[in-house]
Amino acid sequence: MKFASLKHGRDGHLIIVSRDLKTAVDCGEIASTLQYALDNWERVAPLLEEQYDRLNNGKGDFFTFVPEACASPLPRAFQWLDGSAYINHVELVRKARNAEVPESFYSDPLMYQGGSDTFIGPMDPIVAISEDHGIDFEAEVVVITDDVPMAVSERKAKDHIKLIMLVDDVSLRGLIPNELRKGFGFVNGKASSAFSPVAVTPDELGKSWKGSKVHLPLLVEYNEKPFGKTNAGIDMTFNFSKLVAHAAQTRELCAGTIIGSGTVSNQGENGDPGKKIEDGGLGYSCIAEIRMIETIQNGKASTPFMKFGDRVSIEMNDKDGNSIFGKIDHFVEKYKK
C-alpha cells in the first residue's frame, strides 16, 4: 500500500495513493490520519488494502494525486530517531578530523533523537535564518514502526516495520560542532526534516526489500544536476531490524516511531572514499561528505554549503524507473520574522 497525508490541521488527512502515484482515494472513513492507522494497524490494514486494490483497478471515487498538496506522511510524530548505519560516512567524518573510528561503532549503532513536532512537507521550503549556519541536506531512507516491545530481538523487530519513506534530514553544519563539544547531543544544528510525499508498505518494494534493507539507488539532484545515486542496500552496516532493536533496548516504541538510516554512503570501487557522478562515481547524499573528502585529499573543503535559492530533490525509482515514494523537492528560503 501507499499512503500520503493532505495538508489539513496538525496531523493531515490520510489518503491512499495508487501504485503509479497518479491517483488517490480518501480513506477518512477507515482512518482519518496515518497515526490513527498505525495505532490500529491490525484492524484497519485489511480495510485499507481493499481500497488500495480497488484504486489500482480504477474503481471507486478517486482523484488526481497532487504531491504539492501533501504534508509529510506523518506531519508530526511521537518519536524520530536517526541512526548512522553507513560506517563509510562515519569513517570519512573521523578521517577528515584525523580521528580514529572507535571499534564499538562497528557493532553498536550511533543514533540520536531528533525533533519530530514540526516536519515540513516534501515540497515546502527549507527555511533558514542564515547561510552562515552551513545549510545541508541529508538523503536517507526511514521506516515507521507499530508498537514495539522493549528488548525486542532483531528477528522480531522486522515484523514491526510497517512503512518505508525517504527523508531530507536537514542539517545546519555550522552549529553542530559547538553543540557536540558540550557533550550532550545537538538540537539547534538540526532543522525540521522533510519526508517523501508517500510512505509505502515493505511489500511494495518486492525483491528490493531484502535483509531489512532497501537495495535501490537513492537519487539526489542539487540545483537540477545529478549529485548522488548511492545504493541504499550497499555498505549499510546496520539494517533496519538492527536499528529498531537498538532503539527498543530499554524502552517500548510507540506506533508511529520513525527510524532513519542516516546519510546513505557508498565506498568507491576499490574501497576509496568515492567519486562525484561526473567523475564516474556514485556521488554523495549530502554536501558534508564531499567536503570531508576534499579535506582529506586537499587539506581543506572547497564545496560550499547551500545558499538561499538553492534546490535539492530526493527520489528513489524501482527497477523499471518508476518513482516509488514520489519526490522531495524544495528550495532554501530565508526565514522572515
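Of note:
- Residues in the stretch 94-103 that are open to solvent by 60 Å² or more (accessible area, probe 1.4 Å) and either in contact with a Phe, Trp or Tyr (Cβ under 8 Å, 6 or more places away or on another chain) or not in a loop (DSSP other than H, G, I, E, B) (or both): K95, E103.
- Positions within the stretch 134-151 being out of contact with any His (no Cβ under 7 Å at 6 or more places or on another chain) and part of a loop (DSSP other than H, G, I, E, B), in sequence order: G134, F137, D147, P149, M150, A151
- The single residue among D82, D61, D26, D53 that is surrounded by 19 or more Cβ atoms within 10 Å (Cβ to Cβ), farther than 18 Å from D146 by Cβ and of a type in the set (D, E) turns out to be D82.
- Condition check for V66: aliphatic (A, V, I, L, M), over 30 Å from G262 (Cβ atoms), in contact with a helix residue (DSSP H, G or I) (Cβ under 8 Å, 6 or more places away or on another chain) and free of Cβ contacts under 8 Å to residues at least 60 places away in the same chain: no
- Only one entry of K242, K275 meets the criterion of being of a type in the set (D, E, K, R) and either open to solvent by less than 30 Å² (accessible area, probe 1.4 Å) or assigned to a loop (DSSP other than H, G, I, E, B) (or both), and that entry is K275.
- Qualifying residue in the stretch 192-204 (condition: at pLDDT 95 or above, in contact with a strand residue (DSSP E or B) (Cβ under 8 Å, 6 or more places away or on another chain), open to solvent by 20 Å² or more (accessible area, probe 1.4 Å) and assigned to a strand (DSSP E or B)): no
Conditions (1) over 24 Å from Q249 (Cα atoms); (2) assigned to a loop (DSSP other than H, G, I, E, B); (3) open to solvent by less than 60 Å² (accessible area, probe 1.4 Å); (4) among the hydroxyl-bearing types (S, T, Y), marked per residue:
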| residue | (1), (2), (3), (4) |
| --- | --- |
| K156 | no, no, no, no |
| K162 | no, no, yes, no |
| M165 | no, no, yes, no |
| N178 | yes, no, no, no |
| G185 | no, yes, yes, no |
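- Among residues of the stretch 116-145 that are free of Cβ contacts under 8 Å to residues at least 60 places away in the same chain and closer than 27 Å to N178 by Cβ, those with a beta-carbon under 9 Å from a residue that is open to solvent by 10 Å² or more (accessible area, probe 1.4 Å) and of a type in the set (D, E, K, R) at least six positions away or on a different chain give the pairs D117/R76; S130/K334; H133/R173.
- Odd one out for R251, checked against (1) without any contact (Cβ under 8 Å) to a residue 24 or more places away in the chain; (2) surrounded by fewer than 17 Cβ atoms within 10 Å (Cβ to Cβ): (1)
- Every residue from the stretch 64-79 that is open to solvent by 40 Å² or more (accessible area, probe 1.4 Å) and either of a type in the set (S, T, N, Q) or under 21 Å from I126 (Cα atoms) (or both): T64, V66, E68, A69, R76
The values are calculated or read from the model by the stated rules, or taken from the named source; none is laboratory data. Model, not experiment: these values are computed from the prediction. For neighbour counting, all protein chains shown are included, and Cβ atoms are generated from backbone atoms with ideal geometry for every residue, glycine included. Only protein heavy atoms, including side chains, enter the accessible area calculation; ligands, DNA and RNA are left aside. Shrake-Rupley method; radii C 1.70, N 1.55, O 1.52, S 1.80 Å.
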